[in-house]
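One structure is given below, encoded as structure tokens.
The values are calculated or read from the model by the stated rules, or taken from the named source; none is laboratory data. These numbers come from a predicted model, not from an experiment. Virtual Cβ from ideal backbone geometry, glycine too; neighbours counted across all protein chains shown.
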Amino acid sequence: MSKSRTIGWVLVIAAVGAAGYFGWQKYSDNKLAAEAAQKRAAQQRPAVPVNISPVEKADFPVYLTGLGTVQAFNTVQVRTRVDGQITKVAFKEGQFVKAGDTLVEIDPRPYQATLDQAKAKKAQDEANLANANLDLQRYTKLGEFATRQQLDTQRSTVAQLTAQITADDAAIFNAQTQVDYATVKSPIDGIVGLRLVDIGNIVNASAQTGIVTITQIEPITVIFTAPEDQLPDIKAALAVAPPKTIALTTDGKRVLSTGTLALINNQVDTTSGTVRLKAVFDNKDHALWPGQSVSTRLLVRTLKDATVVPDDAVQHGTEGLYAYSVNQENKAELRKLKVSQSIDGKSVIEEGLSPGQQVITAGQYKVSPGTLVTTAVASSDQSQSKVTQE
């Protein structure tokens, strides 16, 4: 009986073992088949189309950005220096005038009359002087027949009349100046503003109201600020040469003019921790206008042989900045990045990439590490780049 049981248990164990073996064999075969199917599917999966761009080595300009206000290089409120009635307005509002151009004419007749009187007085005194000289010559020729007192008196008369003519010259010069002041001229080159007087108005030299305001816009200046901790870099750049300064629209999308930094203000604003700077622009095209708000860029230094990539290649993740590079097998590789500078669509990479590598600039949302990609080198205009199948 015991022998039959033993044989039965052996047969049961053998059956279980055989079932386990065949089950494990079937599982292994199924797993291998699944892995093979996945491999075949991966090989048959189409490559993801992306745009790429090379990692370049280039000189990279470092700019300080800020906001500024355009100011006229000079502003003059033109006023009259004589009293009188305006007979002519010789300018149009908004006109560009040059120094010496006539702006307004004031009735010059009273001042011309004064000038004529001064000239007549000089002619009279010159005639008296001529006669006094003749008398002096007569007294001198008489010799001992003329008393010494008569001779000295005549010499004094000649000296007095000579001095009087000098005074007449001064009076003529003053009267001529008043006549000249009756024609109001522009003291500088610039744009005239709104007219403050009309033909027929009476103007006075003592009045505070001017005739017109002229602003000089060639050249023109921009006043902007920079953080005080940037002062060493700004001063170092200014010590070498006036740093390049760019004025842009307030949205920073369009360059208006390019000039140079002229000066750093002599003190830091303790309330804001900033220092005021002044840049000068030629402004020949009048792109800058007094009172206009602009964005500014001040070139403080240039990084030599920096590693540069397009901004589109740099992605933001939970663990920081990264980019996808493309290896020789056209597969994507994730690279963690350290970026130091970024401007005008370019970024400087301190860690994570090397010149000569290729980075994905478009299509990253379809890519993961190891993804096969189809590449096309991005043109300088990303919107015009096309994807080509390899």
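Which members of the range 57-105 meet the condition of being farther than 30 Å from Leu303 by Cα, of a type in the set (S, T, N, Q) and part of a strand (DSSP E or B)?
Matches in the range 57-105: Gln71, Asn74, Thr75, Gln77, Gln85, Thr87, Thr102.
Can you name the residue in the range 295-319 that is polar (S, T, N, Q) and surrounded by fewer than 19 Cβ atoms within 10 Å (Cβ to Cβ) and is also farthest from Lys278 (Cα to Cα) among such residues?
Filtering the range 295-319 for residues polar (S, T, N, Q) gives 295-296, 302, 307, 315, 318.
Next, only the ones that are surrounded by fewer than 19 Cβ atoms within 10 Å (Cβ to Cβ) stay: 302, 315, 318.
Numbers: Thr302: 21, Gln315: 37, Thr318: 42 Å.
Going through the qualifying residues, I end up with Thr318.
Considering only residues that are charged (D, E, K, R) and surrounded by 13 or more Cβ atoms within 10 Å (Cβ to Cβ), which ones fall in the range 262-286?
Here is the first cut: in the range 262-286, the ones charged (D, E, K, R) are 269, 276, 278, 282, 284-285.
Passing the criteria: Arg276, Lys278, Asp282.
Here's the yes/no breakdown for (1) modelled with pLDDT of 85 or more; (2) touching a Pro at 6+ places or on another chain (Cβ under 8 Å); (3) buried (at least 20 other Cβ atoms within 10 Å of the Cβ):
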position: Glu333; (1), (2), (3): no, yes, no
position: Lys336; (1), (2), (3): yes, no, no
position: Lys346; (1), (2), (3): yes, yes, no
position: Glu350; (1), (2), (3): yes, no, no
position: Leu353; (1), (2), (3): yes, no, yes
position: Gly356; (1), (2), (3): yes, yes, no
position: Thr361; (1), (2), (3): yes, yes, yes
position: Tyr365; (1), (2), (3): no, no, no
position: Val377; (1), (2), (3): no, yes, no
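Any idea how many residues of the range 189-211 are within 17 Å of Gly94 (Cβ to Cβ), in the same structural domain as Ile86 (by TED's automatic domain parsing), surrounded by 11 or more Cβ atoms within 10 Å (Cβ to Cβ) and aliphatic (A, V, I, L, M)?
Result for the range 189-211: 4.
Looking only at the range 196-231, how many residues end up being acidic (Asp, Glu) and closer than 25 Å to Val268 by Cβ?
Of the residues in the range 196-231, the ones acidic (Asp, Glu) are 198, 218, 228-229.
From the residues that got through so far, the ones that are closer than 25 Å to Val268 by Cβ too are 228-229.
Going through the range 196-231 one residue at a time, the tally reaches 2.
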